[in-house]
Amino acid sequence: MRTSFVSEVDKQAKKIARVATYAKRLIGRRVSDEVVQEDIKLWPFKVVAGSGDKPKIVVKYKDEKKDFSAEEISSMNLMKMKGAAQTFLGSTVENAVITVPAYFNDSQRQSTKDAAKIVGLEVLRMINEPTSAAIAYALDKRASTDGKMNVLVFDLGGGTFDVSLLTIDEGGIIEVKATGGDTHLGGEDFDNRMVNHFVREFKRKHKEDLSGNRKALARLRVHCERAKRIISTAILTTIDIDCLFNGVDFSAKFTRAKFEEVNMDLFKKCIKTVKTCLKDANMDKKSIDEVVLVGGSTRIPKNILETDGKSDLSKLCGQ
């Protein structure tokens, strides 16, 4: 284990924090996996194959290039949370309950446990993320007047997507009726679509292809992420990057409508997952009492679910 990596996590947090988001998409996977191969084309760092085709993320660490597994990178987040818990409690924390995306397979769950072991945590139980959100929600909400409440948890984060339908009774007992999701759908995919869009725009305007230049792609991604946040409250923004590639400056306008256009297939995936979940639970939209939004990507300004009068569902993505 890379104990030196763990012991100096606070010093390196700002440098490696961005990598932690990507680690969740690599954990428990192989470099040769098709989804991994597609992802690494646009990532601002290199991914190499380790023992058993295990992904290794190459980063600059202590002024040297080092490669770390997804488990080691993920352990950084766990170390910070462990430290915060110990400070709050005033005692040593050795055990933990860890949440994971509902559709994580056995390999991904085991790799998450391995990440916990790096920082000295014994995993007592793993809970699906939407179930965890429902538990937190139930602590603050009483059941409806008929003794129970149907809750849809819509969890769209940086790298994964989960939907769960749960019933909370008047005693706070939660029953999971149906779960759906995609371990490879999240904010990063929306960013990827924006990056690809501007790569095409740059090529159209300047006859230059920057798709193979990691440094240029990394700079472009940062601006895309910023633009995505801006259009959550505005309808138009502009991307301006000096000397993006081969000394060429790049400037382009980007509208909310264009964002929704380039990501429409991802919105449709979300719609399909929600509808499948409703069907599996033998429920319709009208039977849902509350919608719980989890994850930063739920701020994306798009009505991804058209409904007949169910305002909470029709505003599923923050609009």
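One table, with the values for the structure above:
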{"quantity": "Relative contact order of the range 149-210, defined on C-alpha pairs under 8 angstrom at six or more residues apart (%)", "calculated": "26 percent"}
{"quantity": "Qualifying GluC sites (Glu not before Pro) for the range 100-205 [loop in DSSP, other Cβ within 10 Å: at most 16]", "calculated": "E170"}
{"quantity": "Relative contact order of the range 133-319, defined on C-alpha pairs under 8 angstrom at six or more residues apart (%)", "calculated": "24 percent"}
{"quantity": "Restraint check, K113/K215; K82/K228; K82/K275; K56/K205; K41/K82; K24/K60, Cα-Cα greater than 26 Å", "calculated": "K113/K215; K82/K228; K82/K275; K56/K205; K41/K82"}
{"quantity": "Antiparallel bridge percentage (DSSP; both residues within the chain; nearest 5)", "calculated": "75 percent"}
{"quantity": "Potential extension, N105-R125 segment - 0.36 nm per residue separation minus Cα distance", "calculated": "5.7 nm"}
{"quantity": "For a label point 7 Å along the Cα-to-beta-carbon line of I230, residues of the range 236-262 with backbone N under 13 Å", "calculated": "236-242, 251-256"}
{"quantity": "Cleavage-rule hits (trypsin sites (Lys or Arg not before Pro)) in the range 33-116: DSSP loop, at most 14 neighbouring Cβ within 10 angstrom", "calculated": "K41, K62"}
{"quantity": "Packing-based exposure ordering (other Cβ within 10 Å, fewest first) of V151, V176, V36", "calculated": "V176, V36, V151"}
{"quantity": "Loop-located trypsin sites (Lys or Arg not before Pro) in the range 129-230 whose Cβ has at most 10 other Cβ within 10 Å (DSSP)", "calculated": "R142, K207"}
{"quantity": "Relative contact order (%) - criterion: Cα under 8 Å, at least six apart; region: the chain", "calculated": "15 percent"}
{"quantity": "D249-K41 FRET efficiency (beta carbon distance; Förster radius 25 Å; 0.05 resolution)", "calculated": "0.55"}
{"quantity": "Geometric extent, Cα atoms of the range 3-120 - Rg, Dmax (angstrom)", "calculated": "14.5, 45"}
{"quantity": "Spatial separation of Cα centroids for the range 244-285 and the range 170-212, in angstrom", "calculated": "7 Å"}
{"quantity": "Rg over Rh [alpha-carbon atoms, Kirkwood Rh] for the chain", "calculated": "0.99"}
{"quantity": "Segment K66-K272, extension gain: residue separation times 0.36 nm, minus the distance between their alpha carbons", "calculated": "70.1 nm"}
{"quantity": "Per-residue Cβ neighbour rank within 10 angstrom, fewest leading, S91, S287", "calculated": "S91, S287"}
{"quantity": "Estimated dipole of the range 48-176 in Debye, rounded to 20 [Cβ of Lys and Arg +1, of Asp and Glu -1, Cα centre]", "calculated": "460 debye"}
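FYI, it's all coordinate maths here, none of it is from the lab. Only a predicted model underlies this, so the values are computations on that prediction, with no experimental measurement involved. Because the Cβ atoms are built from the backbone with ideal geometry, glycine has one as well, and the counts that use them run over all protein chains shown.
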